[in-house]
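The values are calculated or read from the model by the stated rules, or taken from the named source; none is laboratory data. Just so we're clear, the structure is a prediction, and the values are computed from it rather than from any experiment. Counting neighbours? That spans all protein chains shown, and the Cβs are built from the backbone with ideal geometry, glycine included. Protein only, heavy atoms only, side chains kept; ligands, DNA and RNA dropped before computing areas. Shrake-Rupley method; radii C 1.70, N 1.55, O 1.52, S 1.80 Å.
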Amino acid sequence: MDDVPERNYDVAMNQERHRQFWLETALIFAAWTVFGLFMANQFYMQGSALRGAPVPWGPGLKQGLFEAYQWAFVTLAIFWLARRFPLERGRLIRRIPMHLAGALVLAMARVVAMVEASRHVDWLGTRDFNRQYYSWYHNYVLFCVLLIGIAHAVVYYARYRERERAAERLAAGLTEARLQALKMQLQPHFLFNTLNAISALIPADAKPARRMIARLGDLLRISLEHEETQEVTLREELAFLEPYLEIEQARLGDRLVVVLEIAPDTLDALVPHLMLQPLVENAIRHGIAPRIEAGTVTIASALGADGGSLHLEVRDDGPGIVPDGGASGRKGVGLSNIRSRLEQLYDGAHRFELDTHPEGGLIVRIVLPFRGGGLAEGLAESSVR
């Protein structure tokens, strides 16, 4: 798939993650270097006090930095755990034991590392495992727990700042979109009156044409009435999608089959407003319209296994993704805009994937945090022709 905006977005996100990782790593090692210098000074002062005379600075510096950099690697591991398995509401019962187990393992690794290093480095002295374990293991565990708390504080603050930046980007994007809409917008009343006038000029027996214009008016009215809405229920989103589907089915006739595989318990889940329409349009335009034979577009929803996520799919049985980026290469800004919008609304707590179906066609998979609840009745395994 040759989609330059999407590729540039992915590259920018990867570069930002790498930059944050290396900055965080540098800060961790810098902080532990300061700690190591402090420990070296302490070793030097204690050695001088015990011997009654100054002792060489070198051994104390080596030991201080050696222990500090061991803790630096432990800190990197703890930060990885905090980022990979954050303590979140609804997951505390599973995550807290996981982090405690991580603290126990890392503390034991610290004991073993000191014992093994003492066998190869003279200035560390002799370290017996039992003595090292009983003297220091519990202190290491407590220190690891403290680092876990610090790591989560840093992760939560970073997420808070990212949400602030996302909100600023979203606000800026909405402002820019409103300004652009003001430049290009037709007066709604004039537009609807024009559609009504055109409908009145169509002969009375041309009911399909009249209905197509009416559905176009419905689609425009929905877009204007909900222009500031960010999320709606899946039930509403499917209702918003209905006028567009009727227009496309009037245009393509029997060549287009739309299948809805909507789990009833997902109908009250919140989804981004007008997200399905560009996905379905993309499937029809690239997967169905270029073909002579009939094609199928499937819209599916289901709850995740844990009940905390909403899984959405839009599938077609067209040619799928063509490597050369031809007619079915799915170019354009629609998918890129959806990806950017999801990132701003859900701050990375989502998935957006494109895949080629083994039997042909493109699959767009979206996983969102489940918001909403209650069983709903209605659409399930239904088909519209």
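For the range 98-119, indicate whether the set of residues that are at pLDDT below 80 and out of contact with any strand residue (DSSP E or B) (no Cβ under 8 Å at 6 or more places or on another chain) is non-empty.
no
Those residues that are more than 30 Å from residue 265 (Cβ to Cβ), small (Gly, Ala, Ser) and at pLDDT 70 or above, I need them from the range 319-343; list them, please.
320, 336
With over 37 Å from the mean Cα position of the chain (by Cα) and under 19 Å from residue 39 (Cβ atoms) as the only criterion, which of 127, 119, 110, 131 stands out?
127
Among the listed residues 65, 92, identify the single one that is at pLDDT 80 or above and exposed (fewer than 12 other Cβ atoms within 10 Å of the Cβ).
Only one candidate passes the filter, namely 92.
Considering only residues that are open to solvent by less than 90 Å² (accessible area, probe 1.4 Å) and not in a loop (DSSP other than H, G, I, E, B), which ones fall in the range 111-122?
Passing the criteria: 111, 112, 113, 114, 115, 116, 117, 118.
Pairs needed: first member in the range 121-147, closer than 24 Å to residue 77 by Cα; second member anywhere, of a type in the set (Lys, Arg); C-beta distance under 6 Å; at least 6 residues apart or different chains.
140/110
Among the numbered criteria (1) in contact with a helix residue (DSSP H, G or I) (Cβ under 6 Å, 6 or more places away or on another chain); (2) at pLDDT 80 or above; (3) open to solvent by less than 70 Å² (accessible area, probe 1.4 Å), which single criterion is violated by residue 33?
(1)
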